[in-house]
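Bear in mind these aren't lab numbers, they're just calculated from the coordinates by the rules spelled out. This is a predicted model, so every value here is computed, not measured. Note that we place each Cβ from the backbone using ideal geometry, even for glycine, and neighbour counts take in every protein chain shown.
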Amino acid sequence: MQNDWQILGERKIYDNKWIGLTEYDVINPGGGRGIYGKVHFKNTAIGVLVLDEALNTYLVGQFRFTLGAYSWEIPEGGCPINMDPLAGGKRELLEETGLVAKEWTELFRMHLSNSVSDELGITYLARHLQQEKAEPEETENLIIKKIPFAEAFAMVQQGEITDSMSVAAIYKVQYMLATGTLK
């Protein structure tokens, strides 16, 4: 497919170590002239759904500044784009929960809000766990909750978990469990 957007100009609006915002002067596919904003993410979003032998999972609870609300999620974080995403997943899992996993499976890659950003998310399933010491960042005041996976799925169904990577990962693992494709 071809790109029907024409870029006439661009200017940087904002930049920090995590994101950049660029405003583009464009002609859209219908021929109209306008502006389009794009948020560029400098990290890959990484999510880790943990599943132990008894089918328990771990959720991380924290107040999300951007939402102005508390959020339950799978362990997540950012991985520099030039870093191996799996290494980033292992780092995030240890940092947030203190868990180390022996078995890792990539569940999916998805663009998290492709109408306004280029953020890529990669989510893993982590199994065969060993407990170590958590090392949260100074910006994180986390509560870790170990619950049956079925309860996490129910939380998604009831709208208690709304984070996109968490919802997608929980649905994917629920599908794998229901179809017998998760061994």
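How high is the relative contact order of region 81-183, in percent, counting Cα pairs under 8 Å that sit 6 or more residues apart? Kindly include the intermediate steps, with their values, before the conclusion.
On the way: 104 pairs, mean separation 24.8, N = 103.
After rounding, I find 24 percent.
Between Gln131 and Leu177, what is the label-to-label distance in nm when each label sits 7 Å out along the Cα-to-Cβ direction?
2.1
Do me a favour and compute the ellipsoid semi-axes for region 73-123 from its Cα gyration tensor, root of five times each eigenvalue, largest one first, whole Å. Display every interim value, and only then the final one.
Values: eigenvalues 89, 24, 24 Å².
So the equivalent ellipsoid measures 21, 11, 11 Å along its semi-axes.
From the Cα gyration tensor of region 132-183, with a ≥ b ≥ c the square roots of its eigenvalues, which class applies: rounded if a/c is under 1.5, or else prolate if a/b is larger than b/c, or else oblate? Provide the component values of the computation, followed by the final result.
Details: a/c = 2.36, a/b = 1.70, b/c = 1.39.
Cα axes put region 132-183 in the prolate bin.
With each pseudo-label sitting 7 Å past Cα toward Cβ, what's the Ala69-Asn56 distance in nm, one decimal?
2.8
From the residues Leu120, Thr179, Asn56, which one has its Cα farthest along the dipole of the chain in the positive direction, the dipole being from +1 and -1 charges on Cβ of Lys/Arg and Asp/Glu about the Cα centre?
With unit charges placed on the Cβ atoms, the residue in question is Thr179.
Where in the chain are the DSSP H helices whose alpha-carbon span along the long axis reaches 15 Å or more and whose Kyte-Doolittle mean is at least -0.5? Can you show the working numbers first?
Numbers: long enough: 85-97 (18 Å, -0.68); 164-179 (22 Å, 0.85).
Going by DSSP H runs, the hits are 164-179.
Considering only DSSP beta bridges with both partners in the chain, what is the antiparallel share in %, to the nearest 5?
On the way: 44 of 51 bridges.
Of the beta bridges lying entirely in the chain, close to 85 percent run antiparallel.
Reachable lysines from Lys102, Cα under 21 Å, same-chain residues fewer than 8 places away excluded?
Partners found: Lys90, Lys133, Lys145, Lys146, Lys172, Lys183.
Which of the peptides 168-178, 46-56 is most tightly packed, and how do the rest follow, going by the mean number of other Cβ atoms within 10 Å of each residue? Don't jump to the answer; show the numbers that get you there.
Values: 168-178: 17.5, 46-56: 19.1.
Result, highest mean first: 46-56, 168-178.
Using +1 at the Cβ of each Lys and Arg and -1 at the Cβ of each Asp and Glu in the chain, identify which of Ile81, Pro148, Met1 lies farthest towards the dipole's positive end.
Met1
Rounding to the nearest 20 debye, state how big the charge dipole of the chain is about its Cα centre with +1 on each Lys and Arg Cβ and -1 on each Asp and Glu Cβ. Could you put the intermediate results ahead of the total?
Numbers: 17 positive and 25 negative charges, 54 e Å.
With only Lys, Arg, Asp and Glu charged at Cβ, the dipole is about 260 debye.
Hey, how many Å between the Cα centroid of region 149-183 and the Cα centroid of region 13-40?
About 34 Å separates the Cα centre of region 149-183 from the one of region 13-40.
As a footprinting exposure proxy, order Ile143, Ile27 by other Cβ within 10 Å, with the fewest listed first. Don't skip to the answer; put the middle values down first.
On the way: Ile143 10, Ile27 14.
Result, fewest neighbours first: Ile143, Ile27.
Would you calculate the separation in nanometres between label points at Gln6 and Ile27, each defined as 7 Å from the Cα along the Cα-to-beta-carbon direction?
0.1
In whole angstrom, how far apart do the alpha carbon centroids of region 44-65 and region 73-143 sit?
Cα centroid of region 44-65 versus Cα centroid of region 73-143: 8 Å apart.
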